[in-house]
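Written below as structure tokens is the structure these notes are about.
The values are calculated or read from the model by the stated rules, or taken from the named source; none is laboratory data. None of the values given here were measured: they were computed from a predicted structure. Cβ placement follows ideal geometry from the backbone for every residue including glycine, while neighbour counts extend to all protein chains displayed.
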Amino acid sequence: MDDGSSDDTGHAFQRSVDALATTGLTFRLQRIDHAGKGAAVRSGAALAQGDPIVFLDADLTIPVEIVDDLCRAIDEGADIAIASRYVRGSRVFRPWWRIVMGFVYRAFVRVLVPTGVQDTQCGGKAYTYEAAKALFPRLRIDGFAFDAELLFLARKRGLRVAEVPFVLRQPRGTSIDFLEDAPRMVADLIRIRVNALRGRYR
């Protein structure tokens with residue numbers, strides 16, 4: 001999914017597809033108006049037909065090789081498998097301020113929308129077809145907090161979530177504006193809690 005990007009993502013995708021040998025796979029770039037990461041992933045999940053359904057952030061700071069590990073966790077019985085920076089076996093190389101921000105946000109998640117997992121936000125996840133089709137249509141959050149919303153709903157449904165370790169090498173550059181996005185993410189966590197109390201996820 002291309003969420004209204006203004007960089008060269010679309011062309012980079014097409015160049016990569018053109019360079020691949022015929023493998024029997026179907027590649028599709030779906031462009032949507034900019035609405036947020038949650039809206040983009042939700043749109044992609046609605047179009048996906050495979051099992052499992054996997055997504056990775058386009059910048060590939062999460063190595064593509066983790067797809068095999070995520071699919072293995074699904075094969076072993078998980079309904080959802082997520083790349084996790086905070087489980088045994090993971091190694092994280094990222095700026096200190098991103099570590100601090102992650103710690104603070106995780107604290108808000110634990111208090112407001114407990115998910116039972118250590119890392120809600122990592123941009124590498126796999127879902128069984130059944131889990132994806134059950135959860136994504138119920139999401140209400142268009143921004144970054146959609147991950148926490150989905151895992152919160154997964155816990156309420158008793159779905160099994162497996163956290164998969166990996167090596168993260170994250171540069172200083174980021175598309176996130178912390179002064180603008182961090183308060184919005186916390187506000188979205190509060191919205192999730194309110195939605196749950198009002199029965200909007202039934």
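Would it be correct to say that ILE66 is in contact with a helix residue (DSSP H, G or I) (Cβ under 9 Å, 6 or more places away or on another chain) and either surrounded by 11 or more Cβ atoms within 10 Å (Cβ to Cβ) or closer than 22 Å to ILE192 by Cα (or both)?
no
How do the pairs read when you match residues in segment 179-190 that are farther than 16 Å from GLY102 by Cβ with residues anywhere that are at pLDDT 80 or above and surrounded by fewer than 13 Cβ atoms within 10 Å (Cβ to Cβ), using Cβ under 7 Å and keeping only pairs 6 or more apart or on different chains?
none
Restricting attention to segment 120-162, and to residues there that are surrounded by 22 or more Cβ atoms within 10 Å (Cβ to Cβ) and of a type in the set (D, E, K, R), which single residue is nearest to ASP75 (Cα to Cα)?
LYS125
With respect to the numbered conditions (1) more than 16 Å from PHE166 (Cβ to Cβ); (2) more than 13 Å from the chain's Cα centre (by Cα); (3) part of a loop (DSSP other than H, G, I, E, B), which one is the sole condition not fulfilled by ALA58?
The single condition ALA58 does not satisfy is (2).
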